[in-house]
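One structure is given below, encoded as structure tokens.
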Amino acid sequence: MRITRILAGASLLAWGAMPAQADNLRDAVTSQMPALVELYKDLHTHPELSFQEVETAKKLAVRARALGFEVTEGVGKTGVVAVMKNGPGPTVLLRADMDGLPVIEQTGLPYASKVRAVAQNGTETGVMHACGHDTHMASWVGTAQLLAARRKEWSGTLVMILQPAEEIGQGAKAMLDDGLYTRFPKPDYVLAFHDAAQFPAGQIGYTKGFALANVDTVDVVVPGVGGHGAYPHTTKDPIVIASAIVMRLQTLVSRELNPTDSAVVTVGSFQAGAKHNIIPDEARLQLTVRSYSDETRKHLLDGIARIAKGEAIAAGLPEDKMPKVTVQDPYTPATYNTAEMTDKVSAGLKARFGERVQETAPVMGGEDFSQFYRADKANVQSLIFWVGGVPKDQWDRAQKGEIQLPSLHSPFWAPDAPVVIATATEAMTAATLGLLAKKK
């Protein structure tokens, strides 16, 4: 997942700064940090691709069992579910994702990944935690340790899951399809965080309502009648037709949607032909389509099919040679942070972290954490928030225009892991204690 908005005017507040709400939780987090950083380095050095997270799941499942959780492995292929029941009260689900990306690491870190693996498409590739899921897992362990040690402070049921295959948008649905909400206690609240490559380390951002977008992948195959480039009148040129489709697609957002409704239609690939003087008989387009509401998503997808057919008709293609439009399934639904939970958790985080917590605008990135809310909108509240990871020196230089910051999924992304892990562990623990607070 990629965060694309910079938190304007945000200033880095060091991890060691005194929280607005003082207690001993921060001290407890600090005492864990040496071990959590070592765990992070191990996870970073040994990443695994989507649905291949076998060793990662195994080593973290062992830790959860040692803390007293009832642990089930192999949920949704390689997912882990750890349950701790601690008296009456609501059920809170905490999620961390496990998979790395098919990226060759170029950070230069002493513990950089040198792992190579075969991706789902059969390609051998380097593997890297270029999206920060290693910080998510280290914080997951830190949060589990703190909540297990503080059972006297909360009442209810804790469900902590390690999710596979977030990077391909399939892991959350795989766990749900494998009985996450039927075989295990069904949550009242689902909570997660994601590190952010455009926020200073230790900054916390949250968004109420839509936070991340629907993500659709669309393929358009445009047929034509090929022939000699010197005699175009004897052909039906698919490059011209596909070019017209590309241009007309831009009007879906600019002329068909309400200007206050956000959406993106991007043609990321245009493939056709093999030689200068040959008009091919086919052109292929690959699109990414982003939206928030289900209604806008439907309008965009219907519009792509309509425009493709319309341009083909205008070019004189016969009815039996219309473009083929394929929307890949599954898609990644938009992530929605429910108002009640967002207000409650953000208020607690602001009391604890002060100005380090700021509301941010939604982004067009995608996250399959959305599936946990969409599985039962009527009964589940949901929140995912950001924890900035840009090291202070890099952030300061970027604000001066001296460097450009690497994004998530970059082979150069190297977050200030101790700050991310410490901030996220404290935030996730504090938020969960607030949601599971004993009634007086």
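If the condition is being touching a residue at least 40 places away in the same chain (Cβ under 8 Å) and surrounded by fewer than 21 Cβ atoms within 10 Å (Cβ to Cβ), then the range 126-153 contributes Ala148, Ala149, Arg150, Arg151, Glu153. If the condition is being in contact (Cβ under 8 Å) with a residue 60 or more places away in the chain and surrounded by fewer than 22 Cβ atoms within 10 Å (Cβ to Cβ), then the range 381-394 contributes Pro391, Lys392.
Of all residue pairs spaced 6 or more apart or on separate chains, those with beta-carbon atoms under 6 Å, a first member in the range 403-416 that is within 14 Å of His44 (Cβ to Cβ) and a second member that is of a type in the set (Gly, Ala, Ser) are Trp413/Ala130; Trp413/Ala197; Pro415/Gly132; Pro415/Gly389; Asp416/Ala201; Asp416/Gly389.
A quick yes/no check of all residues on (1) modelled with pLDDT of 95 or more; (2) assigned to a loop (DSSP other than H, G, I, E, B); (3) more than 25 Å from His129 (Cβ to Cβ):
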{"residue": "Ile307", "(1), (2), (3)": "yes, no, yes"}
{"residue": "Met341", "(1), (2), (3)": "yes, no, yes"}
{"residue": "Lys344", "(1), (2), (3)": "yes, no, yes"}
{"residue": "Phe372", "(1), (2), (3)": "yes, no, no"}
{"residue": "Ser382", "(1), (2), (3)": "yes, no, no"}
{"residue": "Val387", "(1), (2), (3)": "yes, no, no"}
{"residue": "Ile403", "(1), (2), (3)": "yes, yes, no"}
{"residue": "Phe412", "(1), (2), (3)": "yes, yes, no"}
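Among all residues of the range 254-272, there is none that is assigned to a helix (DSSP H, G or I) and either modelled with pLDDT under 95 or buried (at least 17 other Cβ atoms within 10 Å of the Cβ) (or both).
The set of residues in the range 86-127 being part of a strand (DSSP E or B) and not small (Gly, Ala, Ser) consists of Asn86, Thr91, Val92, Leu93, Leu94, Arg95, Asp97, Leu101, Arg116, Val118, Glu124, Thr125. Is it true that Val83 is touching a strand residue (DSSP E or B) at 6+ places or on another chain (Cβ under 7 Å) and in a strand (DSSP E or B)? When the stated conditions are applied, Val83 passes them. Filtering the range 303-338 to residues that are more than 28 Å from the chain's Cα centre (by Cα) and crowded, with 21+ Cβ neighbours inside 10 Å leaves Ile307, Ala308, Glu311, Ala312, Pro323. For the range 184-211, a residue qualifies if it is among the polar types (S, T, N, Q) and assigned to a strand (DSSP E or B), and exactly one does: Gln198.
The values are calculated or read from the model by the stated rules, or taken from the named source; none is laboratory data. Here the structure is a predicted model, which means the values were calculated and not measured. Note that we place each Cβ from the backbone using ideal geometry, even for glycine, and neighbour counts take in every protein chain shown.
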